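Shown next, in structure tokens, is the structure this report addresses.
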Amino acid sequence: MAITPALPYPGATALLPCLATALVLWANSDDLTGRGVWRIPGVQWLGDRSYSVYLWHWPLLLAASTLFEGHIVATVGAVLVTLALSEVTYRQVEQRFRFRASSPRATTSGRAPTRAVGVLVVATMVTGAGGLLLAAPRDDGTLTPPLAEATDDRFMEFYDGDCRPGIPDTDPLTCTYGDPQGSTRVLVVGDSHAVMWMPGLIAAGEGQGWRVDLQAKLSCAPIGVDIDLRGNPYTACAQWGRNVLHGIEVDPPDVVVLAMNPGYHIIGHEGEPSLALADALRSTVQQIRAAGPQVVLMGVTPRFPDSVPECLAAAADNPEDCQVTLPDAIPQNHWDSVTAGIDGAHVLDLTDIFCPDGACLTNADGILRWMDSNHMTATFARTLAPELRRHLTAVLNST
């Protein structure tokens with residue numbers, strides 16, 4: 001039976017070898033050992049040492065796969081070393097402990113227990129090393145950021161800064177980047193999806209005289225109505241959204257960039273959640289436009305079924321297995337309807353960059369694009385600066 005990446009394992013498939021083993025044990029051992037394949041000395045030798053083989057094979061094969069990228073010579077070598085070490089542990093550990101009580105040397109010689117303990121220590125060290133290899137991300141060292149550092153490659157100025165509101169907070173805390181005295185003020189509003197655009201937007205404004213302000217609240221849509229948070233109305237989020245709109249009315253920026261997760265559920269609404277969210281977001285856009293600023297709604301970005309760095313670490317030999325394809329890669333949304341017919345409101349959709357030819361890339365040109373399943377790395381976001389500058393400059397010039 002061949003176990004391939006497409007075969008769910010363990011699972012129901014694991015019953016086949018288990019049942020086969022049970023049938024062998026159930027059969028008459030005297031009849032089996034005298035017939036057919038069971039008479040081959042190598043089979044009997046392997047059967048005697050099968051438990052030691054079981055203990056040794058995994059860390060050694062894992063080391064061969066990780067350190068030598070599964071090269072056939074390394075794999076064969078790992079199998080041979082497994083058999084050799086299994087012979088040693090079979091003789092020095094299994095046999096000595098199994099027959100120690102009946103051996104006349106058991107009580108007179110201290111060498112056997114010492115050797116057995118030594119073998120156990122070595123076995124434990126190798127097994128532990130295999131476990132560490134399994135836990136460590138498999139990284140070929142060519143990606144920026146490296147897989148092991150991906151989760152930290154985000155806009156830490158927000159996450160470690162003092163303008164990150166807590167869950168009960170309703171005041172729109174503002175952090176300013178770019179040129180504080182810039183003639184053009186760009187206000188970025190939203191949740192963690194707004195935060196992830198910040199490295200690119202700041203880079204886009206370099207040399208352009210842009211002041212880039214951020215008002216963000218995690219797990220919160222800036223729509224001024226109650227959304228669901230762990231089964232309860234997120235009233236602080238609704239008030240935060242209303243306060244953000246009030247601040248825009250009092251001190252309007254040149255352009256407001258909105259970005260958010262499209263998966264929020266509005267409390268008390270029956271029907272398709274994405275439609276209700278789009279309606280509420282459209283109302284927000286209309287209020288912002290009434291205050292004067294242009295509005296740019298960032299298009300929904302791809303979502304992967306698993307964390308991209310973790311997937312790439314587990315599928316180092318086949319990284320394309322971690323890609324997703326259109327249209328399923330883009331979560332359901334009605335962003336086009338949000339801005340439809342509203343003068344001065346625009347959707348900035350970079351799907352063609354994220355998913356060229358319909359395949360949403362995990363990395364390209366040596367850059368890891370995603371820090372988890374749906375947030376860009378800061379490194380990748382910065383590479384989008386020229387495209388962001390081009391679109392926002394066109395919006396600003398349209399006023």
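The values are calculated or read from the model by the stated rules, or taken from the named source; none is laboratory data. Note that the structure is a prediction, hence the values are computed from the model and not measured. Don't worry about glycine lacking a Cβ; one is built from the backbone with ideal geometry, like all the others, and counts go over all protein chains shown.
Please work out if residue 282 is in the same structural domain as residue 156 (by TED's automatic domain parsing) and on the phi > 0 side of the Ramachandran plot. When the stated conditions are applied, residue 282 does not pass them.
Based on what the data block shows, is residue 148 among the aliphatic types (A, V, I, L, M) and surrounded by 16 or more Cβ atoms within 10 Å (Cβ to Cβ)?
For residue 148, the condition - among the aliphatic types (A, V, I, L, M) and surrounded by 16 or more Cβ atoms within 10 Å (Cβ to Cβ) - is not met.
Can you find a residue in region 36-47 that is exposed (fewer than 11 other Cβ atoms within 10 Å of the Cβ) and modelled with pLDDT of 75 or more? I'd like the intermediate steps shown before the answer.
In the first step, residues of region 36-47 are kept if they are exposed (fewer than 11 other Cβ atoms within 10 Å of the Cβ); the result is 36-37, 40-42.
Add one more test, that the residue is modelled with pLDDT of 75 or more, and what stays is 42.
Yes, region 36-47 contains at least one residue that is exposed (fewer than 11 other Cβ atoms within 10 Å of the Cβ) and modelled with pLDDT of 75 or more.
Of the residues 204, 194, the single one that is buried (at least 16 other Cβ atoms within 10 Å of the Cβ) and more than 25 Å from the chain's Cα centre (by Cα) is 204.
Helices (runs of 4 or more DSSP H) fully within region 60-174 that include at least 1 residues being farther than 25 Å from residue 311 by Cα and modelled with pLDDT of 70 or more: 72-89, 156-159.
Looking at 314, 340, 329, 345 in this structure, which one is in the same structural domain as residue 191 (by TED's automatic domain parsing) and farther than 26 Å from residue 273 by Cα? So that I can check it myself, show each step before the final result.
Numbers: 340 fails: farther than 26 Å from residue 273 by Cα; 329 fails: farther than 26 Å from residue 273 by Cα; 345 fails: farther than 26 Å from residue 273 by Cα.
Within the list 314, 340, 329, 345, the selection yields 314.
Scan region 175-184 and tell me whether some residue there is free of Cβ contacts under 8 Å to residues at least 24 places away in the same chain, assigned by TED's automatic domain parsing to the domain that holds residue 373 and not small (Gly, Ala, Ser). No, region 175-184 contains no residue that is free of Cβ contacts under 8 Å to residues at least 24 places away in the same chain, assigned by TED's automatic domain parsing to the domain that holds residue 373 and not small (Gly, Ala, Ser).
Every residue, every condition in (1) crowded, with 18+ Cβ neighbours inside 10 Å; (2) within 29 Å of the chain's Cα centre (by Cα), yes or no:
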position: 220; (1), (2): yes, yes
position: 223; (1), (2): yes, yes
position: 229; (1), (2): no, yes
position: 250; (1), (2): no, no
position: 257; (1), (2): yes, yes
